[in-house]
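A.B. asks: Sharing a structure, written as structure tokens. Questions coming.
The values are calculated or read from the model by the stated rules, or taken from the named source; none is laboratory data. Since this is a predicted model, take the numbers as computed values, not measurements. Positions of Cβ are generated from backbone atoms using ideal geometry, with glycine treated the same way; all protein chains shown enter the neighbour counts. Note: accessible area is taken over every heavy atom of the protein model, side chains too, but ligands, DNA and RNA are not part of it. Shrake-Rupley method; radii C 1.70, N 1.55, O 1.52, S 1.80 Å.
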Amino acid sequence: MIDFTEITLESICIHKVGNKLRDEGIEVSDRNLSLGNEDTKKYLLRYFLSPFSNNETYNFYYPTDLNLNDTYIFAKRIFANPENFYDLSIDISKHLYEKSSHPKINGGEFCVCYFKDCLFDGQKINAIGLFKSEKKDIFLKLNSSKIGHESGVNIDKLDKGCLIFNLEEENGYKVCIVDSNKSNDTQYWKDEFLSIKPASDNYTFTKDFLSITKNFVTKQLNQDFELSKAEQIDFLNRSVDYFKNNDIFDKKEFEEKVFEDSDLIESFRKFDQTYRKENEIELTDNFEISVPAVKKQARVFKSVLKLDKNFHIYIHGNKDLIEQGVDENGRKFYKIFYQEEN
């Protein structure tokens, strides 16, 4: 979805943004910041861009009016007038500082970048990068005459990042983010500073529908029907298999192939409707399935049957090959049928 092979870093400003609660302030960088040699540029691009590939996309938003979202407005001004990049980068830093008032927020270097020739879904467009470094690593310097150390940024550990692609301005642009610290008390990057919401695209549709299905099977299904754990796992496996084996999602077809029984389907429809309303999810019933979203969501679809502390049974399909029962002494058991032992 995102291709950086032809991208160029046109401009960069690095400001130091502290914690407002501790009154740490802002240190503004020089207007003509040197990018160093070609190797340094290569490492910079690796640091900034390697965490982004097939990320979930977002849009800037504001509850009443999109034009009240400060980061969106600053990005809009940069795209319209790149020659004002330096001054606008300071405005963005001030906005970040205003949102950095939680006691657990660390100050750090805030990099504002302007990129050209980034490929997004096959379209060559410009992008703005916002990156914050909050943690430092210690690096040893070893040679034949001297041993020393330096404090610096690990180029493989981006703390916080945001790429704003110059697409769909009227909808709040296409935005991708990275946040290594996802604890609730430091969600200022996503919620306060950027103020973004998931984009209404195939990735989000795929992710949300798989999430609805997982919640139905694990939380609601056993309340409406008496099902064994193995049967629940079978429904989870069949759900993921549908998304893995099809390019286009059709809700009616999905229900018939996964749940089959009319009572199960009706229960699922009621749960789906309630879940969407309670979680304010907007979903279409037909969409193109996103492979990256399926891969990411499939990791949380547990196919493990845990029996006391003695056994774990991994179930990958065909529930007819496993039977549950109770012996004459009241001990529960599972009987498993198989063709070959690997």
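A.B. asks: Of everything in segment 175-229 that's assigned to a loop (DSSP other than H, G, I, E, B) and in contact with a Phe, Trp or Tyr (Cβ under 7 Å, 6 or more places away or on another chain), which residue is farthest from Gln297 (Cα to Cα)?
C.D. replies: Step one: filter segment 175-229 for residues assigned to a loop (DSSP other than H, G, I, E, B), giving 180-183, 187, 195, 199-201, 225-228.
Pick out the ones that are also in contact with a Phe, Trp or Tyr (Cβ under 7 Å, 6 or more places away or on another chain) and you get 195, 199.
Values: Ser195: 24, Ala199: 17 Å.
Checking each candidate, the answer is Ser195.
A.B. asks: Looking at segment 102-129 only, could you name the residues that are touching a helix residue (DSSP H, G or I) at 6+ places or on another chain (Cβ under 8 Å) and part of a loop (DSSP other than H, G, I, E, B)?
C.D. replies: Within segment 102-129, His102, Lys104, Ile105 meet the criteria.
A.B. asks: Give me the residue from segment 132-176 that is among the β-branched types (Val, Ile, Thr) and touching a helix residue (DSSP H, G or I) at 6+ places or on another chain (Cβ under 6 Å) and, out of that set, most open to solvent (accessible area, probe 1.4 Å). Don't jump to the end; show me each part of the working.
C.D. replies: First, the residues of segment 132-176 that are among the β-branched types (Val, Ile, Thr): 138, 147, 153, 155, 164, 175.
Those still in the list that are touching a helix residue (DSSP H, G or I) at 6+ places or on another chain (Cβ under 6 Å) too: 155, 164.
Values: Ile155: 49, Ile164: 2 Å².
Restricting to residues being among the β-branched types (Val, Ile, Thr) and touching a helix residue (DSSP H, G or I) at 6+ places or on another chain (Cβ under 6 Å), the top hit is Ile155.
A.B. asks: A further question on this structure: Would it be correct to say that Lys99 is among the charged types (D, E, K, R) and buried (at least 17 other Cβ atoms within 10 Å of the Cβ)?
C.D. replies: It is true that Lys99 is among the charged types (D, E, K, R) and buried (at least 17 other Cβ atoms within 10 Å of the Cβ).
A quick yes/no check of all residues on (1) without any contact (Cβ under 8 Å) to a residue 24 or more places away in the chain; (2) among the basic types (Lys, Arg); (3) touching a Ser or Thr at 6+ places or on another chain (Cβ under 9 Å):
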position: Lys20; (1), (2), (3): no, yes, yes
position: Arg31; (1), (2), (3): no, yes, no
position: Phe48; (1), (2), (3): no, no, no
position: Ile92; (1), (2), (3): no, no, yes
position: Ile105; (1), (2), (3): no, no, yes
position: Glu109; (1), (2), (3): no, no, yes
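A.B. asks: Among the residues in segment 236-244, are any loosely packed, with under 15 Cβ neighbours inside 10 Å and either in a helix (DSSP H, G or I) or out of contact with any helix residue (DSSP H, G or I) (no Cβ under 8 Å at 6 or more places or on another chain) (or both)?
C.D. replies: yes
A.B. asks: Does Leu9 count as surrounded by 14 or more Cβ atoms within 10 Å (Cβ to Cβ) and farther than 28 Å from Ser101 by Cα? Give the steps one after another, and end with the answer.
C.D. replies: Values: surrounded by 14 or more Cβ atoms within 10 Å (Cβ to Cβ): yes; farther than 28 Å from Ser101 by Cα: yes.
Judged against the criteria, Leu9 is a match.
A.B. asks: If you don't mind, another one. Of all residues in segment 310-342, how many are open to solvent by less than 100 Å² (accessible area, probe 1.4 Å), at pLDDT below 65 and farther than 18 Å from Leu236 by Cβ?
C.D. replies: Final tally of qualifying residues: 0.
A.B. asks: Within segment 59-78, which residues are open to solvent by 20 Å² or more (accessible area, probe 1.4 Å) and either under 18 Å from the mean Cα position of the chain (by Cα) or closer than 20 Å to Asn32 by Cα (or both)? Quick ask: steps written out before the conclusion?
C.D. replies: Going residue by residue through segment 59-78, those that are open to solvent by 20 Å² or more (accessible area, probe 1.4 Å) are 61-68, 70, 73-74, 76-77.
The answer is Tyr61, and nothing else.
A.B. asks: Continuing with this model, one more query. Is there a residue in segment 188-211 that is without any contact (Cβ under 8 Å) to a residue 12 or more places away in the chain and farther than 23 Å from Leu49 by Cβ?
C.D. replies: Yes: one or more hits.
A.B. asks: It is to be established whether one or more residues within segment 205-219 are closer than 21 Å to Gln123 by Cβ and either open to solvent by 70 Å² or more (accessible area, probe 1.4 Å) or aliphatic (A, V, I, L, M) (or both).
C.D. replies: Taking every residue of segment 205-219 in turn, none turns out to be closer than 21 Å to Gln123 by Cβ and either open to solvent by 70 Å² or more (accessible area, probe 1.4 Å) or aliphatic (A, V, I, L, M) (or both).
A.B. asks: Hey, Leu44 hits all of (1) open to solvent by less than 30 Å² (accessible area, probe 1.4 Å); (2) more than 27 Å from Phe205 (Cβ to Cβ) but one; which does it fall short on?
C.D. replies: Result: Leu44 passes all but (1).
A.B. asks: Is it the case, given these coordinates, that Phe115 is within 23 Å of Ser89 (Cα to Cα), open to solvent by less than 40 Å² (accessible area, probe 1.4 Å) and out of contact with any Leu (no Cβ under 9 Å at 6 or more places or on another chain)?
C.D. replies: The answer is no for Phe115.
A.B. asks: Could you list, in sequence order, the residues of segment 24-65 that are out of contact with any His (no Cβ under 9 Å at 6 or more places or on another chain) and part of a strand (DSSP E or B)?
C.D. replies: Of everything in segment 24-65, those that are out of contact with any His (no Cβ under 9 Å at 6 or more places or on another chain) and part of a strand (DSSP E or B) turn out to be Tyr58, Asn59, Phe60.
A.B. asks: Picking from Lys141, Lys135, which residue would you name as being in a strand (DSSP E or B) and either more than 20 Å from Asp3 (Cα to Cα) or among the hydrophobic types (A, V, I, L, M, F, W, C) (or both)? Quick ask: steps written out before the conclusion?
C.D. replies: Values: Lys135 fails: in a strand (DSSP E or B).
Every option except Lys141 fails the conditions.
A.B. asks: Residues Lys257, Lys190, Lys270: which one is closer than 30 Å to Asn19 by Cβ and either open to solvent by 20 Å² or more (accessible area, probe 1.4 Å) or touching a Gly at 6+ places or on another chain (Cβ under 7 Å) (or both)?
C.D. replies: Details: Lys257 fails: closer than 30 Å to Asn19 by Cβ; Lys270 fails: closer than 30 Å to Asn19 by Cβ.
The match here is Lys190.
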